[in-house]
1. If Arg49 meets every condition in (1) touching a helix residue (DSSP H, G or I) at 6+ places or on another chain (Cβ under 6 Å); (2) modelled with pLDDT of 95 or more apart from one, which number is that one?
2. Search segment 1-36 for residues being assigned to a loop (DSSP other than H, G, I, E, B) and of a type in the set (S, T, N, Q), and hand back the single one that is surrounded by the fewest Cβ atoms within 10 Å (Cβ to Cβ).
3. Give me the pairs: first residue in segment 42-69 and under 16 Å from Val15 (Cβ atoms), second residue in a loop (DSSP other than H, G, I, E, B) and at pLDDT below 85, beta-carbon distance under 8 Å, and six or more apart or on different chains, which are they?
4. Just one of (1) among the aliphatic types (A, V, I, L, M); (2) modelled with pLDDT under 90; (3) surrounded by fewer than 15 Cβ atoms within 10 Å (Cβ to Cβ) trips up Val44, so point out which.
Amino acid sequence: MKDSAMFWVAATTLVLLTVTIMAAMNFPFNWVFYVTVLGQIMIVFMVYRVLTDHYSTDKTFSDFYEDNPIGRQN
């Protein structure tokens, strides 16, 4: 099964939110440190996966925003 780039975006976000919660709840430093290091590694891998993802679209800059395309009317 091929992992989607959006899976890595969601997983990295959850790990970094967990770090924030752990730091706010005064978890032991070593736990927060190791999860932070894991989050940083996941950020690097996430950026790689997003940049190398084979995503294609038929939208152009003339379409403006995706939720409100003003360039083309169907």
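The values are calculated or read from the model by the stated rules, or taken from the named source; none is laboratory data. In this text the structure is predicted, and so the values were computed from the model without any measurement. With ideal geometry, Cβ positions are generated from the backbone for all residues, glycine too; neighbour counts draw on all protein chains shown.
1. So the condition that Arg49 fails would be (2).
2. Here the answer is Asn26.
3. Once the first residue is under 16 Å from Val15 (Cβ atoms) and sits in segment 42-69, its partners that are in a loop (DSSP other than H, G, I, E, B) and at pLDDT below 85 give Arg49/Asp3.
4. Tallying (1) among the aliphatic types (A, V, I, L, M); (2) modelled with pLDDT under 90; (3) surrounded by fewer than 15 Cβ atoms within 10 Å (Cβ to Cβ), Val44 fails exactly one: (2).
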